[in-house]
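Undergrad: Here it is, the structure, as structure tokens.
The values are calculated or read from the model by the stated rules, or taken from the named source; none is laboratory data. In this text, all values refer to a predicted model and were calculated from it rather than measured experimentally. Neighbour counts are summed over all protein chains in view; Cβ atoms, including those assigned to glycine, are modelled from backbone coordinates with ideal geometry. Heads up: the accessible areas ignore ligands, DNA and RNA and are worked out on the full protein's heavy atoms, side chains in. Shrake-Rupley method; radii C 1.70, N 1.55, O 1.52, S 1.80 Å.
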Amino acid sequence: MERLHSSAPMPAHLRGSIMALGNFDGFHAGHQAVARRAIALARAQGRPAIIATFDPHPMRLFRPNTPWFRLTTLDQRERLFARAGADAMLVFDFTRELAALDPQAFVDLLAQWGVAGVVTGEDFTFGKDRAGSIDTLKQLGAPLGLTAQAVAPITGQDGEIISSTRIREALKSGDCATATRLLTRPFTIEGIVQHGDKLGRTIGFPTANVDMGHYLRPAYGIYAVRALLPDGRVLDGAANLGIRPSFDPPKELLEPHFFDFAESLYDQRIEVQLIHFLRPEAKLDGLDALMAAIARDCDDARQILAGTPHLA
């Protein structure tokens, strides 16, 4: 699959596309429904299928001091879009210039790229001051030969609409099961394994330290986790996510310990899935208490993961 940027011309072989248009940060079940509709239309009409996203997220541009809230990186979205069946991913480089376009100018831009049809969610807005809606897109696109349609919101088992906001709230409360159900996969943090203070290996629990980057901060605490290595292997483990209150100085990290695994992972890019929240972080009294707590956490994580199927 190709990754395109809005600052570059549309390649000739991708003109005439059907485009799924949205932010698609979580690419949750609702976003997937929009993508499926766009890809089905593209295949039926013999056209390329493109899934578009925005980077940075519009909120980051207008409210730069907002705490980190991302559910995926661009690289993760690219893999998810490819798995959904898209031919290309278009990244709108979200600048103040793009944000200042009025709805007509934005639709003209799509037409210049040769986009034949757009599929969005019903709540999609675009253009300066979010003045454009799906109805605006239909009205302005029609004279240019650009069709537009919206996909109704998808509801979960509880009847509530699936949204990135709901997923973020679930993760911040430690509810991994709800986040996994709405995402259709576990929330996954991807990063490079860093060198740390290496205390874990001295007490028999070596960890692979990963910086949280721009991801949403889920509830701090201990998790049962599952990791995907670059070579395709899958590892089970337990991880501390937070500021390590038993250590000085505090430092925010994701620190997974993988069971029955002794290889070096330094400088490798790994994906760590949060499967189950075990308990909040706690400041423990001394090394013996810390080791005992880690051992209990590992036992609990092993039991939970043994009954949890692997999800990509």
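Undergrad: Decide, for segment 216-293, between rounded, prolate and oblate: order the square roots of the alpha carbon gyration tensor eigenvalues as a ≥ b ≥ c, take rounded if a/c falls under 1.5, and otherwise choose prolate if a/b is larger than b/c, else oblate.
TA: In terms of gyration-tensor shape, prolate.
Undergrad: Further question on the same structure: Sort 126-136, 24-34 by packing, meaning the average of other beta carbons within 10 Å per residue, with the highest value first.
TA: My ranking of the peptides, most packed first, is 24-34, 126-136.
Undergrad: Also, I was wondering about something else. What number, in percent, do you get for the relative contact order of the chain if the mean sequence gap of Cα pairs under 8 Å and at least 6 apart is divided by its residue count?
TA: About 16 percent, as a whole number.
Undergrad: While we're looking at this one, here's another question. Could you work out the relative contact order of segment 115-244? I mean the mean sequence separation of Cα pairs under 8 Å and 6+ apart, divided by the number of residues, in percent.
TA: 14 percent
Undergrad: Do you know the relative contact order of segment 1-136, to the nearest whole percent, from alpha carbon pairs under 8 angstrom that are 6+ apart?
TA: It rounds to 36 percent for segment 1-136.
Undergrad: While we're on this one: So what's segment 2-151 giving for Cα Rg divided by 2.2 N^0.38 Å, two decimals?
TA: 0.96
Undergrad: Taking the Cα centroid of segment 31-91 and of segment 159-185, what is the distance between the two, rounded to the nearest whole Å?
TA: Going from one Cα centre to the other spans 19 Å.
Undergrad: Expressed in whole Å with the largest first, what are the equivalent ellipsoid semi-axes of segment 1-88 derived from the C-alpha gyration tensor as the square root of 5 times each eigenvalue?
TA: 24, 15, 10
Undergrad: Then there is this: Working out 0.36 nm times the residue gap between Glu263 and Glu160, then minus their Cα-Cα distance, what length gain in nm do you get to one decimal?
TA: Answer, rounded to one decimal: 32.7 nm.
Undergrad: Let me ask something else about it. Which value at 222 nm does the chain reach when only helices count, each DSSP H run of 4 or more adding -39,500 (n - 2.57), with the total divided by all residues and rounded to the nearest 500 deg cm²/dmol?
TA: -9000 deg cm²/dmol, from helical runs alone.
Undergrad: With the cut-off at 1.5 for a/c, could you classify segment 176-307 from its C-alpha gyration tensor as rounded, prolate or oblate?
TA: rounded
Undergrad: If the chain between Arg233 and Lys283 were fully stretched, how many nm would it gain, using 0.36 nm times the residue separation less the Cα-Cα distance?
TA: Here the segment from Arg233 to Lys283 would lengthen by 14.7 nm.
Undergrad: Restricting to bridges with both residues inside the chain, how much of the DSSP beta-bridge set is antiparallel, in percent to the nearest 5?
TA: If I count the DSSP bridges inside the chain, around 60 percent turn out antiparallel.
Undergrad: Find the percent of Cα-Cα distances in the chain that exceed 36 Å, and round it to a whole number.
TA: Pairs farther apart than 36 Å: 27 percent.
Undergrad: Ignoring ligands, DNA and RNA, what percent of the accessible area of the chain is carbon or sulfur (1.4 Å)?
TA: Percent of accessible area from carbon and sulfur atoms in the chain: 53.
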